[in-house]
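J.: The structure under discussion is supplied below as structure tokens; questions concerning it will follow.
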Amino acid sequence: MMASKKKKESKPQKLIVWIVSTFVICMAALIFISSSSSTTVEALQVENQPYLGKDDAPVQIVEFGDYKCPICKKFHEQFVPQIQKDFVETGVAKFYFVNYSFINVDSIRSAKFAEAVYKELGNDVFWKFHHLLFEGQPEDSKYERMDVYTEEFLENTLKEIVTEEEANKVVASFQQEEAETAWEEDMKQANDLNITGTPTIYVNGQKFEGNSYNDLKGMVEEAIEGE
């Protein structure tokens, strides 16, 4: 994050700064490359993470993401459906989502709320809510705002898919910070891996450094062969 300047910037200048900053923090994700100092780890901690797929699927695909990152939104819309079709639905891979909330306070608030959804209502509801968060991500012109993913917005979004009683349960859990530990564990793991951008993808503990879906597909297929 850039340090604040003494002189107040004009609105056009602020917009330019925002565009440049957004490009820098998400540029690596755009071509599926991040600057982690290590490309392979022995094991990622995903035992208590939400995932898509069968319990016995041999390959592990892990995304570290931020609900405010526009590249994560594109990844969710364009690539996750392909991952589901090619690997999740065929039973060869599990797809996990782990929070790396680094853009602004909206990122943190939405991640913690999603953790509360997962804790209180389970995996299936989490993924429906996860989808709605990316679907409701603001346009770029509103990207610098930090009051989009408010608690009211998150609660109303959740109520699109659950009862009021279930939503109230999640809100209470969120307000009592019962999901705080889960979020902190996500952030610690991301920081331990030196992750600096989103989405960052790992396949069976190896960081993906390709630049297309075909590259990712090839990496997953190699992991399948290695099982």
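J.: Given points 7 Å out from each Cα along the Cα-Cβ axis, report the Glu166 to Glu151 separation in nanometres with one decimal.
T.: Taking the simple label geometry, Glu166 and Glu151 are separated by 2.2 nm.
J.: Can you put Lys74, Lys119 in order, fewest other beta carbons within 10 Å first?
T.: The most exposed by this proxy come first: Lys74, Lys119.
J.: Show me, for segment 196-211, the HN-Hα J-couplings you get by feeding each phi into the Karplus relation (A = 6.51, B = -1.76, C = 1.60, θ = phi - 60°), rounded to Hz, glycine and proline as x.
T.: After applying 6.51 cos²θ - 1.76 cosθ + 1.60, I find 10, x, 10, x, 10, 10, 10, 10, 6, x, 9, 6, 6, 10, x, 9 Hz.
J.: Now a separate question. Working out 0.36 nm times the residue gap between Leu132 and Asn191, then minus their Cα-Cα distance, what length gain in nm do you get to one decimal?
T.: Length difference between fully extended and current span is 18.6 nm.
J.: Here is a follow-up. For segment 98-219, what's the relative contact order in percent, using C-alpha pairs closer than 8 Å and at least 6 residues apart?
T.: It rounds to 33 percent for segment 98-219.
J.: Which order results if Tyr213, Tyr51 are arranged by neighbouring Cβ count within 10 Å, fewest first?
T.: Result, fewest neighbours first: Tyr213, Tyr51.
J.: From the backbone phi of segment 215-227, what are the Karplus-calculated ³J(HN,Hα) couplings (6.51 cos²θ - 1.76 cosθ + 1.60, θ = phi - 60°) in whole Hz, Gly and Pro given as x?
T.: With the stated coefficients, segment 215-227 comes to 5, 5, 4, x, 5, 5, 5, 5, 5, 4, 5, x, 7 Hz.
J.: Any of Lys74/Lys94; Lys74/Lys119; Lys94/Lys169; Lys94/Lys119 with alpha carbons more than 23 Å apart? Name them for me.
T.: Lys74/Lys119; Lys94/Lys169
Quick note: the coordinates plus some simple rules give every number you see, no bench work behind them. Quantities reported herein were computed from a predicted structural model and do not represent experimental measurements. Ideal geometry is used to build each Cβ from the backbone, glycine not excepted, and the neighbour counts take in all protein chains shown.
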